[in-house]
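The values are calculated or read from the model by the stated rules, or taken from the named source; none is laboratory data. All of these numbers come straight from a predicted model, not from anything done at the bench. Cβ coordinates were reconstructed from backbone atoms using ideal geometry, including for glycine residues, and neighbour counts include every protein chain displayed.
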Amino acid sequence: MATHLCIDCGNTRVKAAIVDGGHIVSRAAGTADDWQAVTALATGWRVDAALLVSTTDADAALADAVAAVLPCELERLTAARPLPLRVAYRTPHTLGPDRLATAVGAWAEYPGCNLLVADAGTAITIDLLLADGTLAGGSISPGVAMRLRAMHEHTSRLPLVEAGGEVPLVGYDTTTALRCGAVLGAAAEIDAQTARLKSTLGQLKLFVTGGDAQLLLPHLLTQGVTHDPDLLFKGANVILENREPHCEMVACNS
């Protein structure tokens, strides 16, 4: 089977994976300014196809460096590429490639189900994928670190608080109160979106991915959450294979 290089270029981090025979066999990561580990990964394998999933405009140097060491073309994911989904977004050219890839990854895991994909990164995106394979759209809101930074920068006295740390149910000082507002608020947003859509659609499965997923998971009240940090890589691999994900129906537990 083919060996694929899948690159996830975000606003702060760059991650890459080698997918061989449908399985992730090697990984690399770096910052938006230091991606030598990614280029090293690209040279260490005989890659048959490669896909860049980027949410930033500052990826040209990365793309050039990786393309220079690959024996194949480095493709870039856009909404114009054929997908195993129907995109109903009214402005598909503005739809983030990461949202496309994670939706395909979720659909490959649970085809024929109503799915909600919450990607908790610099921003939090929550996208609805209907059981007929339609990517309906979703929401975009500030991520946890952005919420904390905004409260610091747009007030005169609130301190800048790190996202990691104690998150009590009720903040007992300014630091924990700020962290509660950001972390519990983000988790409540995901729970509320899930509950609202479940009340309309019935069964709905929630995926959570992204760099802040581990931070939010302990505070989610939704039952049966699937945490999959590799959702984007799985979707990128399916897209590179240019095939429909496995089509047998699975149990869509709510």
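Quick notes on this one:
- Total residues in segment 188-233, condition under 11 Å from the mean Cα position of the chain (by Cα) and among the charged types (D, E, K, R): 3
- Residue in segment 173-181 that is at pLDDT 95 or above, part of a loop (DSSP other than H, G, I, E, B), outside the structural domain of S54 (by TED's automatic domain parsing) and more than 24 Å from S139 (Cβ to Cβ) present: yes
- Some residue of segment 184-207 being outside any helix (DSSP H, G or I), aliphatic (A, V, I, L, M), in contact with a strand residue (DSSP E or B) (Cβ under 9 Å, 6 or more places away or on another chain) and buried (at least 16 other Cβ atoms within 10 Å of the Cβ): yes
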